[in-house]
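Quick note: the coordinates plus some simple rules give every number you see, no bench work behind them. Remember, predicted model here, so these are calculated numbers, not experimental data.
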Amino acid sequence: NATQAMEAVQARHEAETAQRAHQLQQELAAAETARVRILEQAIATLDRLGLIGQEIAGNLDPDRVFEALATHVGSLITSDLLIIYTYDAEQDCLVEAFSINHGERRTGPPIRIPLDHPQSLAARTARERKEFLYDRARGDLQTMPVPNIAPASTGLFGPLVVGNKLLGVLTIQSRTALAYDERERLIFRTLSAF
């Protein structure tokens, strides 16, 4: 009978509509859960950065500041190599002040990079006073290698500046391709500002 057939079609349509609404509610709940998780991670990172800033600002000993920075960078960002260069205005070059390679302090004479070095991203960062991201996977040209250290696949280079005065350059590097997305770059900028 036509009425029963029509009622069956309407019931099936209502069931499908209810099922789609239920699926949509589940997807919205999952998206909301993911958003809350991301916000919780962001808040935890901001709290951690605040504590790092307090620890660094409360310490005047450069070696202790560098050690704190290296410890915290490793806990927030994947980093096989961290180097802090200071700027030597008399020689117009960057001088390695502190470096950690796979958790160990690098030994040997400090690396010195003239500011006009054409292949050094650290020198370019200092000259232009801006951040650079190097990633071999994107086809970026090889940077100047660090002596006795395997070449990095990814690197972030940031100027250390107070007002207009160049203090040096911070770099973190990873053997992992595409290691630094926008989250890591924001953390790196914050740490550079400290």
When the chain is fully extended, how far beyond the present Cα-Cα distance does residue 130 get from residue 175, taking 0.36 nm per residue of separation?
-> 13.9 nm
Could you calculate the contour length gain from residue 90 to residue 105, that is, 0.36 nm times the residue separation minus the distance between their Cα atoms, to one decimal place in nm?
-> 2.7 nm
